[in-house]
1. Scaled to the compact-protein estimate 2.2 N^0.38 Å, what is the alpha-carbon radius of gyration of the range 1-101, rounded to two decimal places?
2. Over all pairs of distinct alpha carbons, what does the Kirkwood formula give as the hydrodynamic radius of the chain, in Å?
3. With the cut-off at 1.5 for a/c, could you classify the range 48-151 from its C-alpha gyration tensor as rounded, prolate or oblate?
4. Rounded to the nearest Å, what's the spacing between the alpha carbon centres of the range 1-66 and the range 187-205? Just the number, please.
5. Largest first and to the nearest Å, give the Cα extent of the range 42-83 along each principal axis.
6. Quick one, can you get me the convex hull of the C-alpha atoms of the range 139-254 expressed as volume per residue in Å³?
7. If I fit a long axis through the Cα atoms of helix 176-193 and take the longest principal axis of the Cα atoms of the chain, what angle between them do I get, 0 to 90°, rounded to 10?
8. Rank by packing, highest mean first: peptides 215-228, 67-80, with packing defined as the count of other Cβ atoms within 10 Å averaged across residues.
Ligand SMILES: Nc1ncnc2c1ncn2[C@@H]1O[C@H](COP(=O)(O)OP(=O)(O)OP(=O)(O)O)[C@@H](O)[C@H]1O
Ligand SMILES: [Mg+2]
């Protein structure tokens with residue numbers, strides 16, 4: 001049986017007021033089944049990060065609902081929401097968000113410590129090893145390259161074995177070898193542990209690791225690919241959308 005780990009219904013997100021008002025999400029309805037890998041793509045500013053932040057309970061949408069594991073986030077109090085986020089959700093931020101005064105290992109064990117658990121050293125080492133950074137455990141973020149910081153952020157999101165991992169461009173700062181390592185790791189979470197992965201990416205090669213690709217434009221889901229997803233298919237679909245005249249895009253999405 002397929003169960004939906006995350007369901008989004010009629011999500012609208014708005015930033016700012018008056019002339020500075022921006023509708024970042026404009027009625028997004030979709031769901032992410034358990035044990036699946038979804039890539040979210042779309043032009044810069046199309047609402048991808050906002051979608052992830054709302055789905056993970058980091059931002060509250062202006063309208064619509066988010067359900068995780070059958071629980072509506074807007075029904076939860078602040079403490080319950082914090083607990084759900086801590087226990088069930090891993091998040092890799094687009095800007096890494098590592099704590100600059102902590103070492104790589106201390107950053108990785110932080111979610112466990114916040115959950116009141118004493119992190120076994122071998123779990124932290126295993127998480128760093130999985131992203132190829134076992135030998136950087138004692139380094140602080142300022143002593144790591146951008147790509148290394150990104151991989152520490154991935155290790156940190158996985159260490160609690162969350163039901164769902166949201167990753168915002170987790171390979172954006174990586175070279176192709178390190179990207180492959182992170183993408184295989186994310187794929188393995190889905191294939192080996194039935195965890196759910198939702199990953200924002202601009203890279204069709206990265207998207208090809210997913211089971212499904214959602215394309216966003218102007219805060220809406222405008223296209224969806226499933227089945228045999230290859231980098232070429234994804235790139236072709238994106239190119240197709242970019243060459244469609246603006247009026248017919250409007251008609252298609254009404
Ligand atoms: N804190 C904010 N205040 C005001 N506007 C914002 C804020 N965050 C995002 N926006 C606006 O909302 C829209 C969607 O932003 P979002 O960050 O979700 O885009 P994105 O698809 O992740 O883009 P990128 O690929 O560049 O990361 C953009 O137009 C952006 O300018
Ligand atoms: Mg973004």
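1. For the range 1-101, the normalised Cα radius of gyration comes out at 1.12.
2. 18.8 Å
3. prolate
4. 18 Å
5. Each principal axis gives a Cα extent; for the range 42-83 these are 34, 19, 16 Å.
6. Taking the convex hull of the Cα positions in the range 139-254, it is 132 Å³ per residue.
7. Once rounded, the angle reads 90 degrees.
8. 215-228, 67-80
Quick note: the coordinates plus some simple rules give every number you see, no bench work behind them. In this text the structure is predicted, and so the values were computed from the model without any measurement. Glycine gets a Cβ as well: all are built from the backbone with ideal geometry, and neighbour counts include every protein chain shown.
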